[in-house]
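What follows is a set of notes on a single structure, which appears directly below.
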Amino acid sequence: MSDAAFICELVVMSGKGGTGKTSVTASLAVLAGSAVLADCDVDASNLPLVLDPREQRRETFTGGVRARIRREDCTACGQCKALCRFDAIFFDGPGHGRLPHTYRVDSAACEGCGVCHDVCPEHAIDLEPTEGGEWFVSETRFGPLLHARLRPGHGNSGRLVTLVRDQARQVAEAAGRRLILVDGPPGIGCPVIASLTGATRVLAVTEPTPSGEHDLERLLALARHFSIPAWVCVNKHDLNADMTLQIERRAAALGATVTERIPYDPAVTAAQRRGRPVVDVDHGPAAAAIRKLWERVRPFLADPPGPQLDTGRPAG
Amino acid sequence: MNLVIASGKGGTGKTTVATSLAVTLARHGQTVAYVDCDVETPNGHLFLKPMVTRERPVEKLVPRVNQETCLLCGLCAAVCRFNAIACLPDQTLVYEELCHGCGGCTRVCPVGAITEAPHPVGVVKVGAAGAIQFVSGTLNVGESTSPPVIRATRQAAPAADWTILDAPPGTACPMMEAVRGSDYVVLVTEPTPFGLHDLRLALEVVKTFDLPCGVVVNRAQPGATEARDLCRQARVRILAEIPDAVAIAKEYSRGQLVVETVPGLREIFDQLCLRLLEEVPKEKCPHEMRQRLEAAIRASSQSPATGPPAAGDPFSTPRLAAPRQREEPTRAASAS
């Protein structure tokens, strides 16, 4: 990859939810000034709430197919239910002139594999495309924002995440922007994997609690699995000094680079209530720590990570 | 009685509510099963500290192609709607991480060259934490599909008066897998813009399942009304408010069960149990069980000396509701 084409994609993650990913990402967006922003927490998207986005473009996300049984053609033979691996077919559908009951698909459980559609001797099962949600390109004071809304209760979040990231990259390439800041989803499953594959670096935001530590370990294991270098930042570190140290030691042992700590500061929630990133409205302890965090990571965002995981600390 | 504790936003206090509720119900003589369905990041064991007696792997079936007998006809690749099989000129390749395990390819292969082999995706642990029966699912790191692990975890839950399911956050398929088929949903939120935004989304999901639900407001601020307004509009009841208190955050950060160590919380959770009795579907909660629980809660509130920490009026917790104070940072400088 030539240096001119390099676009750094920094994904902010946590494992455990509610550790401050979105607040940190929004503040980094302010400090970076010219990044492209992507909210990959597509089923509970919060980054737009603090960036005051102006929507430029809105598209429908087609989230695969779901089976639907036409009851008038169903003969209740039960082959679909016998073969469905997802417990998605029930024998409690409405009847018709010939039968008291028919089979019915629970669209929440259906994964759209199409096996029932293929086996139905009456061809009574349709596969219908589902509207899985929407995605948006918006303009903010701090750069273009790509975000999405998975239809509540819908699957396929991984595909929507991939779509948001692809679009963010296109916007970055078109605008000549060299940094994509990604607000990642919690957990370590499908949408997290979709946010991580092919990303440049991970910033893991955690909190000094047993859950914070436990979930961070799982996230760092995943980052290693994908060979993505990770920074670790303990948020609300003053809540428990011993636990903060324990987590930082553990993170270092797992190959991550420990970076700036952020203290507990009511200004973070106060800024969120005003719909603004904390560094944009406050100069208190949390804002100061996030500024330091940005100064520490910034030098490493211009180039691809080397073959060895670097220390994440400026020389000297 | 299957009670699922869910939330749109992560980190609002699902596990705190689920574990505290389990402990409270067990203390009042109910049989309780705590079932951790947050299989990507399960945390209940950190607070309940159970003895795990049984561990069982969760597997999904993935195709294995016998290249000797494969005709390279490509029917399997054509039928797979997840692009998990590719038929190349000289071999047929399976991408196990994309496979949903539907069995479609095995079924269409004209020469029986595809068999299904188990591929581990997670584990289910079963044990006990005192009187509480404990079940917890864990997704293997690197695996993307948590719903099969959630299904297996739910299936491993033993029968009990109360089965408390600790759901994963969000509104996508893992959350739905935990919620569907339950009898009542408790949504935990916090009164911040993020918390309330995600509560609205979670309420929409619950509505699609047509399940009764109520809300627990965690980190409640005295005088803040947004959560109440939202719940009034959505016509859901606020079952309990847990105050925003440094004491709770500190005890949690030490891995303590806050209902046992923070004064005033025991009363809040007793009240939550009583509210739940009013709210849960009558047919799922036998009269006798209801009476037993009510009597036990009444008895314990009349003898506050039965356990630590005795508190004052159960309906108000002024000590906890005091505004949060800024803690002095324990270190001035950051880690090097």
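The values are calculated or read from the model by the stated rules, or taken from the named source; none is laboratory data. Everything numeric in this text was worked out from a predicted model, so none of it was measured. Here Cβ is always computed from backbone atoms with ideal geometry, including for glycine, and neighbour counts include all displayed protein chains.
Would it be correct to say that B:GLY44 is surrounded by 15 or more Cβ atoms within 10 Å (Cβ to Cβ) and modelled with pLDDT of 95 or more?
yes
Assess whether B:GLY104 counts as being under 30 Å from B:PRO243 (Cβ atoms) and either surrounded by 24 or more Cβ atoms within 10 Å (Cβ to Cβ) or without any contact (Cβ under 8 Å) to a residue 24 or more places away in the chain (or both).
no
Which numbered condition in (1) surrounded by 20 or more Cβ atoms within 10 Å (Cβ to Cβ); (2) more than 10 Å from chain A (Cβ to nearest Cβ); (3) without any contact (Cβ under 8 Å) to a residue 40 or more places away in the chain is the only one that B:ARG228 fails?
Only one criterion is unmet by B:ARG228, namely (1).
How many of the residues making up the stretch A:13-33 are in contact with a Gly (Cβ under 6 Å, 6 or more places away or on another chain) and either under 19 Å from B:ALA202 (Cα atoms) or away from chain B (no Cβ under 12 Å) (or both)?
Number satisfying all stated conditions: 3.
If we keep just the residues of the stretch B:66-85 that are among the small types (Gly, Ala, Ser) and not in a helix (DSSP H, G or I), which is surrounded by the fewest Cβ atoms within 10 Å (Cβ to Cβ)?
B:GLY74
Can you pull out the residues in the stretch A:105-139 that are touching a Phe, Trp or Tyr at 6+ places or on another chain (Cβ under 7 Å), surrounded by fewer than 20 Cβ atoms within 10 Å (Cβ to Cβ) and within 26 Å of B:ARG151 (Cβ to Cβ)?
Scanning the stretch A:105-139 gives a single hit, A:ASP106.
Tell me the residue from A:GLY132, A:GLY158, A:GLY112, A:GLY153 that is under 30 Å from A:ALA67 (Cβ atoms), assigned to a helix (DSSP H, G or I) and either of a type in the set (Phe, Trp, Tyr) or at pLDDT below 95 (or both), please.
Result: A:GLY158 is the single residue among A:GLY132, A:GLY158, A:GLY112, A:GLY153 that is under 30 Å from A:ALA67 (Cβ atoms), assigned to a helix (DSSP H, G or I) and either of a type in the set (Phe, Trp, Tyr) or at pLDDT below 95 (or both).
Tell me which strands (runs of 3 or more DSSP E) are completely within the stretch B:131-245 and hold 1 or more residues being outside the structural domain of B:ARG290 (by TED's automatic domain parsing), or say none if there are none.
Passing ranges, in order: B:132-139.
Would you say A:ARG85 is surrounded by fewer than 20 Cβ atoms within 10 Å (Cβ to Cβ) and more than 14 Å from every other protein chain (Cβ to nearest Cβ)?
no
So, A:GLU217, is that one in contact with a strand residue (DSSP E or B) (Cβ under 9 Å, 6 or more places away or on another chain), within 11 Å of chain B (Cβ to nearest Cβ) and not hydrophobic (A, V, I, L, M, F, W, C) or not?
No, not satisfied.
Starting from residues that are among the aliphatic types (A, V, I, L, M) and in contact with a strand residue (DSSP E or B) (Cβ under 9 Å, 6 or more places away or on another chain), keep the ones in the stretch B:55-77 and report whichever is nearest to the other protein chains (Cβ to nearest Cβ).
B:LEU61
Among the numbered criteria (1) within 10 Å of chain B (Cβ to nearest Cβ); (2) assigned to a loop (DSSP other than H, G, I, E, B), which one does A:GLY306 miss?
(1)
Tally up the residues in the stretch B:17-54 that are away from chain A (no Cβ under 13 Å) and basic (Lys, Arg), please.
2
Please count how many residues of the stretch A:251-277 are farther than 29 Å from A:LEU49 by Cα, surrounded by fewer than 17 Cβ atoms within 10 Å (Cβ to Cβ) and either free of Cβ contacts under 8 Å to residues at least 40 places away in the same chain or in contact with a Gly (Cβ under 8 Å, 6 or more places away or on another chain) (or both).
3
Look at B:LYS14 and say whether it is within 14 Å of chain A (Cβ to nearest Cβ), surrounded by fewer than 17 Cβ atoms within 10 Å (Cβ to Cβ), out of contact with any helix residue (DSSP H, G or I) (no Cβ under 6 Å at 6 or more places or on another chain) and over 30 Å from A:LEU127 (Cα atoms).
No, not satisfied.
Scanning for something of a type in the set (Phe, Trp, Tyr), part of a strand (DSSP E or B), touching a Cys at 6+ places or on another chain (Cβ under 7 Å) and outside the structural domain of A:SER157 (by TED's automatic domain parsing), does the stretch A:75-90 turn up at least one residue?
Checked the stretch A:75-90: no residue is of a type in the set (Phe, Trp, Tyr), part of a strand (DSSP E or B), touching a Cys at 6+ places or on another chain (Cβ under 7 Å) and outside the structural domain of A:SER157 (by TED's automatic domain parsing).
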